[in-house]
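The values are calculated or read from the model by the stated rules, or taken from the named source; none is laboratory data. These figures come from a predicted structure and were not determined experimentally. Every residue, glycine as well, gets a Cβ built from its backbone with ideal geometry; the counts of neighbours run over all protein chains shown.
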Amino acid sequence: GFMTKLRSKIVNREILNQLAVSVGINDLLKCNVGPANSVRNLYGDALEALVGALFLDKGFKKTRKIFIKNVLNKYLIINDIVNTDNDYKSLVFEWVQKHKHNLTFTYKEEYDFNSRKSVFTTILLIDNEEFGQGQGSSKKEAEQEASARAWEKIKKVPET
């Protein structure tokens, strides 16, 4: 229900990256890496590692208290997260079910030799008509991008 959606929004990679920057982790990390994609989640990953190290050192209760007091209460605005719906795939699914349409995703994986990573392309089809296309370093990321583009089209469709 509501709490499950809220939890998934809070532990969303984008939110963790923003939290890490708010806390100042970006000022503490100095790195020299390749393409911009490889550093995109670096700050969120570092925040997770810091919380993990704190957990191993201090235990669950102490870590929870420190994290809530020094990170969540200072930098996370729950109302903004609650009112932001960026799970476009769920929005598209709900619309498709409500209007009795058929939803299909097609996938293509290619290897980018420059970044030495796979790139996924997803096409979102509603009743066999392309509504959105997305790319990402994972299927999930590509699906969300395709769904976001499809959602923009869907919002323009008049209600029947």
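Which residue is surrounded by the fewest Cβ atoms within 10 Å (Cβ to Cβ), if the candidates are limited to the stretch 84-103 and must be among the hydroxyl-bearing types (Ser, Thr, Tyr) and within 15 Å of Lys140 (Cβ to Cβ)?
Only one residue fits best here, namely Ser90.
Failed condition for Leu56, given (1) part of a helix (DSSP H, G or I); (2) at pLDDT below 90, with all others met?
Condition not satisfied by Leu56: (2).
Is there any pair with a first residue in the stretch 148-160 that is closer than 15 Å to Phe93 by Cβ and a second that is among the aromatic types (Phe, Trp, Tyr) and part of a helix (DSSP H, G or I) whose Cβ atoms are under 7 Å apart and which are 6 or more apart or on different chains, and what are they?
Close Cβ pairs (under 7 Å, with a partner that is among the aromatic types (Phe, Trp, Tyr) and part of a helix (DSSP H, G or I)) amount to Ala148/Tyr88; Trp151/Tyr88; Ile154/Trp95.
Taking the stretch 104-143 as the region of interest, how many residues are loosely packed, with under 13 Cβ neighbours inside 10 Å and of a type in the set (A, V, I, L, M, F, W, C)?
Here the count works out to 1.
Look through Gly132, Gly52, Gly136 and report the one residue that is of a type in the set (Gly, Ala, Ser), touching a strand residue (DSSP E or B) at 6+ places or on another chain (Cβ under 8 Å) and closer than 26 Å to Ala20 by Cβ.
Gly136
Scan the stretch 112-160 residue by residue and report those that are among the β-branched types (Val, Ile, Thr) and over 23 Å from Arg40 (Cα atoms).
Within the stretch 112-160, Ile123, Ile126, Ile154, Val157, Thr160 meet the criteria.
Provide a single number: the residues in the stretch 27-53 that are modelled with pLDDT of 80 or more and within 19 Å of the chain's Cα centre (by Cα).
Number satisfying all stated conditions: 9.
Just checking, does the stretch 139-146 include any residue being among the aliphatic types (A, V, I, L, M), in contact (Cβ under 8 Å) with a residue 40 or more places away in the chain and over 19 Å from Asn12 (Cβ atoms)?
no
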